[in-house]
Ligand SMILES: [Zn+2]
């Protein structure tokens, strides 16, 4: 399980142009069980669409654009992101690499794992307030605490006084402005380049 996980561990999966998950690395199941649990083990994800496993239209759209770009240019893309669980923060580097005209390999390399006190906000099996939602960034895992402010989860639960509530809010996923700009800038470079090419 996740406790065996150390920096340098890599997990891979291959995705076709239309997002279908075609293969996962042998160690995939230990990664899945350390994160989202049984619904993400290899038997459950193989042959399914990656887009179904991503939360939020904005995030799905960004991944689609990244896959398109890698297939079009052949240049790999690296994105730093978090894959956190209630009791640990994982810093990963996600690399997308073109394998063939129709296939992209995703490699998640664990850069650092930091244990923390379990955050109940992130536990899967708690009763949630149906009228209360908080948004977490799918990339850096910061949580939106006001219209224009995002904070790391440990800090956000204090800001939002979540420890003092009887029932905790639902968690929904989105993208914070910082990560949105980061990922979109990967794509903008390409668009600018195309414009320049078109003008010459
Ligand atoms: Zn973010």
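The values are calculated or read from the model by the stated rules, or taken from the named source; none is laboratory data. On a predicted model such as this, the values are computed, not experimentally measured, just so you know. Here the Cβ positions follow ideal geometry from the backbone for every residue, glycine too, while neighbour counts run over all protein chains shown.
Can you tell me which residue in the range 158-171 is farthest from the ligand (Cβ to nearest atom), limited to those that are assigned to a helix (DSSP H, G or I) and in contact with a strand residue (DSSP E or B) (Cβ under 8 Å, 6 or more places away or on another chain)? Can you show your working first?
Restricting attention to the range 158-171, the residues satisfying the condition of being assigned to a helix (DSSP H, G or I) are 158-159, 162-164.
Within this subset, residues satisfying the condition of being in contact with a strand residue (DSSP E or B) (Cβ under 8 Å, 6 or more places away or on another chain) are 159, 162.
Working: 159: 16, 162: 19 Å.
Result: 162.
Residue 154 is checked against (1) more than 19 Å from residue 54 (Cβ to Cβ); (2) within 16 Å of the ligand (Cβ to nearest atom); (3) surrounded by 18 or more Cβ atoms within 10 Å (Cβ to Cβ) and fails just one. What number does that condition carry?
Of everything listed in (1) more than 19 Å from residue 54 (Cβ to Cβ); (2) within 16 Å of the ligand (Cβ to nearest atom); (3) surrounded by 18 or more Cβ atoms within 10 Å (Cβ to Cβ), residue 154 misses just condition (3).
Can we say residue 92 is within 16 Å of the ligand (Cβ to nearest atom) and modelled with pLDDT under 90?
On the way: within 16 Å of the ligand (Cβ to nearest atom): yes; modelled with pLDDT under 90: yes.
When the stated conditions are applied, residue 92 passes them.
What strands (runs of 3 or more DSSP E), lying completely within the range 7-118, carry at least 1 residues that are within 24 Å of residue 134 (Cα to Cα)? Walk me through it before giving the result.
Values: elements: 10-16, 21-24, 77-82, 88-100, 103-115.
In the range 7-118, 77-82, 88-100, 103-115 are the strands (runs of 3 or more DSSP E) which contain 1 or more residues that are within 24 Å of residue 134 (Cα to Cα).
Could you count how many residues in the range 130-148 are surrounded by 13 or more Cβ atoms within 10 Å (Cβ to Cβ) and in a strand (DSSP E or B)? Full working, then the answer.
Going residue by residue through the range 130-148, those that are surrounded by 13 or more Cβ atoms within 10 Å (Cβ to Cβ) are 132, 134-145.
Next, from what is left, pick out any that are in a strand (DSSP E or B): 132, 134-137, 143-145.
Going through the range 130-148 one residue at a time, the tally reaches 8.
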